[in-house]
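Peer 1: Starting off with a structure, shown below.
The values are calculated or read from the model by the stated rules, or taken from the named source; none is laboratory data. Keep in mind that what you see is a predicted model, and the values were worked out from it rather than measured. Methodologically, a virtual Cβ is constructed for each residue, glycine included, from the backbone with ideal geometry; neighbour enumeration extends over all protein chains shown.
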Amino acid sequence: MKPQQPTRPSSRPRRAKGSFWNAAPQLAAYGAVATLSDEVKRLGCSRPLLLSTPAQASSAESLLPHLGEMCVGIFPDATMHTPVNVTARAVQLYEESKADCVVAFGGGSTTGLAKAIAWRNDAKQIIVPTTYAGSEVTPILGQTENGRKETIRNPKILPEIVVYDPTFTLGLPVVMSVNSGLNAIAHAVEALYARDKNPVSSLMAVEGVRAFKEALPKIAVRPNDRSARSNALYGSWFCGTVLGAVGMSLHHKLCHTLGGLFDLPHAETHAILIPHTAAYNAVAAENELRPLIELFGGCLGGGLYDFAKSFDISMALQDLGLAEKDLDKAAQVATQNPYWNPREIDLKSIRNLLQNAWAGSRPDTDLPRGGLTAIS
């Protein structure tokens, strides 16, 4: 498909109930990055700073021919969970190089850094995603300091332009692809029972999950399947958009707690927890989750677990390095200032849920309070 020619909104609108923050233009096509210099100029900019993680620095440099001499440099140290000390170094380089926008190449870590810079100095953002979690289309910034993850939601955080070029996902390892896709699915699951959900957000959430359920098995068998990779980015857009449109609940609170306290890997934590949080909330949100119950069959928690397990990925928090002794602290922190949730949250139930996720147990049924595996 031919890349669209986006125009930047003249201003950020106020958010009304049932509306969406997402006004960012997107380009979606193989080879879409060829338009990068045009997109920089479209924003009225001429001095982009390129952002990446250390692992993707060499791949990010492949964008340099498309940016030309206007690129003022590269900051290759984006880090998971967006630590504020890393952001401070990036902001310093941004200011010293007299950059006037950022081009972020990578997944959530790089996108998070771009947002953190924009939050501090209104930098304009162009995002080139290489994973599927969908952060690039949300007005949400999660940043960490002193072992706590802070979440900020504001329209100035939303990137101006997103360039979806599936070329850069063809080499994404299957395990990373699956974990990233499950991360996106988690956004959609929570969107279906969000307090401020609306008919449009619910339709988009279901479509996003459907796209991943179709794409991920094909990617697992044939990682360079161009159609499946495109379909996964399609699902990513839906799942990310609904995350930005409605509120978050128990699942995201637990992931933010574990990431902030113990620096657990972001996508993998989402992938492990979503069967358990879905099973927990399905008791109170069966009607809202009905489309996904039908999609995965029977018990939603068990269905999500089986789907994830079919890719031979880790489904236990202990495999991520979390010690069993830390579950008490995680449960306490997660329940001290909880997000709104469709089902009541209490310390014992959340501690039990975390125990099951730590052990990698399958949620066999969506049970009411007390139906989770007991702990001593």
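Peer 1: Take ILE140 and decide whether it is crowded, with 18+ Cβ neighbours inside 10 Å and more than 27 Å from ALA205 (Cβ to Cβ). Show your work before the answer.
Peer 2: Working: crowded, with 18+ Cβ neighbours inside 10 Å: yes; more than 27 Å from ALA205 (Cβ to Cβ): no.
The answer is no for ILE140.
Peer 1: If only one of PRO363, PRO338 is more than 22 Å from LYS149 (Cβ to Cβ) and assigned to a loop (DSSP other than H, G, I, E, B), which one is it? Quick ask: steps written out before the conclusion?
Peer 2: Values: PRO338 fails: more than 22 Å from LYS149 (Cβ to Cβ).
When all the criteria are applied, what remains is PRO363.
Peer 1: Keeping to the range 184-217, report how many residues are closer than 23 Å to VAL174 by Cα and part of a loop (DSSP other than H, G, I, E, B).
Peer 2: Here the count works out to 0.
Peer 1: Just need a number here: residues in the range 283-334 that are of a type in the set (Val, Ile, Thr) and either surrounded by 21 or more Cβ atoms within 10 Å (Cβ to Cβ) or modelled with pLDDT under 95 (or both). Steps first, answer last, please.
Peer 2: Within the range 283-334, the first condition is being of a type in the set (Val, Ile, Thr), and the residues that meet it are 283, 293, 313, 333.
Next, from what is left, pick out any that are either surrounded by 21 or more Cβ atoms within 10 Å (Cβ to Cβ) or modelled with pLDDT under 95 (or both): 283.
Residues flagged as of a type in the set (Val, Ile, Thr) and either surrounded by 21 or more Cβ atoms within 10 Å (Cβ to Cβ) or modelled with pLDDT under 95 (or both) within the range 283-334 amount to 1.
Peer 1: Tally up the residues in the range 42-101 that are polar (S, T, N, Q) and not in a loop (DSSP other than H, G, I, E, B), please. If you could, list the steps in order and put the result at the bottom.
Peer 2: Just the residues of the range 42-101 that are polar (S, T, N, Q), to begin with: 46, 52-53, 56, 58-59, 62, 79, 82, 85, 87, 92, 97.
Applying the additional criterion that residues be not in a loop (DSSP other than H, G, I, E, B) yields 56, 58-59, 62, 85, 87, 92.
Residues in the range 42-101 being polar (S, T, N, Q) and not in a loop (DSSP other than H, G, I, E, B): 7 in total.
Peer 1: Looking only at the range 214-263, filter to residues that are over 28 Å from HIS81 (Cβ atoms) and buried (at least 18 other Cβ atoms within 10 Å of the Cβ); which one of those is farthest from the chain's Cα centre (by Cα)?
Peer 2: Looking at residues that are over 28 Å from HIS81 (Cβ atoms) and buried (at least 18 other Cβ atoms within 10 Å of the Cβ), I get ALA228.
Peer 1: Something else: Restricting attention to the range 42-72, which residues are among the hydroxyl-bearing types (Ser, Thr, Tyr) and out of contact with any strand residue (DSSP E or B) (no Cβ under 6 Å at 6 or more places or on another chain)? Spell out the reasoning first.
Peer 2: The initial filter retains those residues of the range 42-72 that are among the hydroxyl-bearing types (Ser, Thr, Tyr), namely 46, 52-53, 58-59, 62.
Scanning the range 42-72 gives SER46, SER58, SER59, SER62.
Peer 1: What's the total number of residues in the range 85-100 that are in contact with an Asp or Glu (Cβ under 8 Å, 6 or more places away or on another chain) and on the phi > 0 side of the Ramachandran plot?
Peer 2: Residues meeting the conditions: 0.
Peer 1: Further question: Among PRO159, PRO83, which is the only one that is in contact (Cβ under 8 Å) with a residue 12 or more places away in the chain and more than 21 Å from LEU36 (Cβ to Cβ)?
Peer 2: Working: PRO159 fails: more than 21 Å from LEU36 (Cβ to Cβ).
Among PRO159, PRO83, only PRO83 is in contact (Cβ under 8 Å) with a residue 12 or more places away in the chain and more than 21 Å from LEU36 (Cβ to Cβ).
Peer 1: Here's a follow-up. Within the range 220-248, which residues are over 19 Å from THR144 (Cα atoms) and outside any helix (DSSP H, G or I)?
Peer 2: At the first step, the residues of the range 220-248 found to be over 19 Å from THR144 (Cα atoms) are 220-247.
Residues satisfying the conditions are ARG222, PRO223, ASN224, ASP225, VAL246, GLY247.
Peer 1: Could you please tell me which pairs satisfy a Cβ distance under 6 Å, a separation of 6+ or placement on different chains, a first residue in the range 314-331 that is free of Cβ contacts under 8 Å to residues at least 40 places away in the same chain, and a second residue that is among the aliphatic types (A, V, I, L, M)?
Peer 2: Sorted first by the residue in the range 314-331, then by its partner, the pairs are LEU327/LEU354; ALA331/LEU347; ALA331/ILE350; ALA331/LEU354.
Peer 1: Right, another one. Residue by residue through the range 114-134, note down the ones that are within 18 Å of the chain's Cα centre (by Cα) and part of a strand (DSSP E or B).
Peer 2: Correct list: GLN125, ILE126, ILE127, VAL128, PRO129.
Peer 1: Name the residues in the range 168-211 that are of a type in the set (Ser, Thr, Tyr) and over 13 Å from LEU292 (Cβ atoms), would you? Don't jump to the end; show me each part of the working.
Peer 2: We begin by selecting, within the range 168-211, every residue of a type in the set (Ser, Thr, Tyr); these are 169, 177, 180, 193, 201-202.
Correct list: THR169, SER177, SER180, SER201.
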